[in-house]
1. Using the Karplus curve 6.51 cos²θ - 1.76 cosθ + 1.60 with θ = phi - 60°, work out ³J(HN,Hα) for each residue of region 337-352 in order, rounded to whole Hz, and write x for Gly and Pro.
2. Long-range amide H contacts for Y127: which residues qualify at under 5 Å (H placed 1.01 Å from N, peptide plane, sequence gap of 5 or more or a different chain)?
3. In what order do T344, T180 fall by count of nearby beta-carbon atoms within 10 Å, going from fewest to most?
4. Counting only residues 5 or more places away or on other chains, whose amide H sits under 5 Å from the amide H of N244 once H atoms are built in the peptide plane?
5. Do you know the relative contact order of region 86-296, to the nearest whole percent, from alpha carbon pairs under 8 angstrom that are 6+ apart?
6. Between N55 and D179, 0.36 nm times their residue separation minus their Cα-Cα distance comes to what?
7. Which percent, nearest 5, of DSSP beta bridges in region 86-296 are antiparallel?
8. Quick check on the exposure proxy: order R136, R295 from fewest to most C-beta atoms within 10 angstrom.
Amino acid sequence: MNMEKEMTAPESPVGAGAEQSNPLNTTIIPENEADCNSLDDFFAEQQRKLLLSMNLGYLPTVTMNELYEQVYTHKPPIIDGLLYPGTYLFVGAPKLGKSFFMAQLAYHVSTGTPLWEYPVRQGTVLYLALEDDYRRLQERLYRMFGTEGTDKLFFSVSAHQLDNGLDKQLSGFIGEHPDTSLIIIDTLQKVREVGGDSYSYANDYDIIAKLKCFSDTHGICLLLVHHTRKQQADDKFDMISGTNGLLGAADGAFILHKEKRTANAAVLEISGRDQQDQKLYLVRDPVKLSWNLERAETELWKEPPEPLLEHIARFITSDNPSWQGTPTELVQRLGTDMPANALTYKLNVNAGRLYNEHHISYGSKRTHNGRQVWLHYEPERVGP
């Protein structure tokens, strides 16, 4: 077996949305050519781990340094500060306006139009409106958006259940539309498996875990519309119908609720792994029936500037879109006194941020002459 071929990273530049490394693929960053001799030790160690992995009693582990040596896949937000790749619940009482909200999200993502004050990255959207028919969808969309249509928003009013081919249907759609970023399933109940154990914690967790595996594999956002229970709770997220297994497996949830059903005002509470908790106060347009943002209870936290990324963004631009070399050469190019391996670690950890904030993809590969890193500028893809 050609071990070097097996362990070498892909040749092409890696963007934020592409697979960049295997988490078990450790890295040695030689400071000079003499250190390249350690590559033989590296490949021997990889072979040892491969043999150990064949033992059922072996527990695969990675060290902290090995974690820092990887460039993991990062996907940009669908809607900055609001919606991210992953699997999310969108929960509210029946007939509260959830489907209108879903149509609004779908339209804004498919057209790249900012939603309120939140920037949106355009992508193809699939909306499974499983409690509607096409006539009702037509009337709803016309009322909300008039004749301003889009070819990037697709609808279906029927789909298989999760245990009966839904994943194949969704995979087929993504195969035809590789720029798909958002799939809305309205409602979760329409696609979940039928069984006597439907409402156990384990079953609820398993359902969302299967959908999360799908969204993570394809790097998209799955938004699952669901209902609240009738019982009130101090924590609105405890009102999600079913067990805590649903929220436990999901990446986050949106809870839409009103103080009075007849009122146009509503509150949207958001909690998730990739964004801070938020509470948004919304008002529904009585004519278009779309939702408008009145105010946010908390201001979104922003990461402080990272000087290293800012420095890279000053020389990797549309006029000078690419650079490739060793970590030591990059240190010299930046004029910093940071050790080469520390710089590489920092870029590995911040590769997603470098892409999201500056549209620069970063990657690396191992050769007999040492480690090579590359930087590549990609045009911004926010908006229509």
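1. Per residue, the Karplus-derived 3J(HN,Hα) values read 9, 5, x, 4, 5, 5, 5, 5, 4, 5, 5, 4, 5, 9, 4, x Hz.
2. F154, F155, S156, I184
3. The most exposed by this proxy come first: T180, T344.
4. So N244 has HN proximity to no qualifying residue.
5. 26 percent
6. 40.6 nm
7. Here the antiparallel bridges make up roughly 40 percent for region 86-296.
8. Details: R136 13, R295 9.
In order of increasing Cβ crowding within 10 Å: R295, R136.
Bear in mind these aren't lab numbers, they're just calculated from the coordinates by the rules spelled out. As the structure is a prediction and not an experimental result, all values here were calculated from the model. All Cβ positions, even for glycine, are placed from backbone atoms using ideal geometry, and neighbour counts span all protein chains on display.
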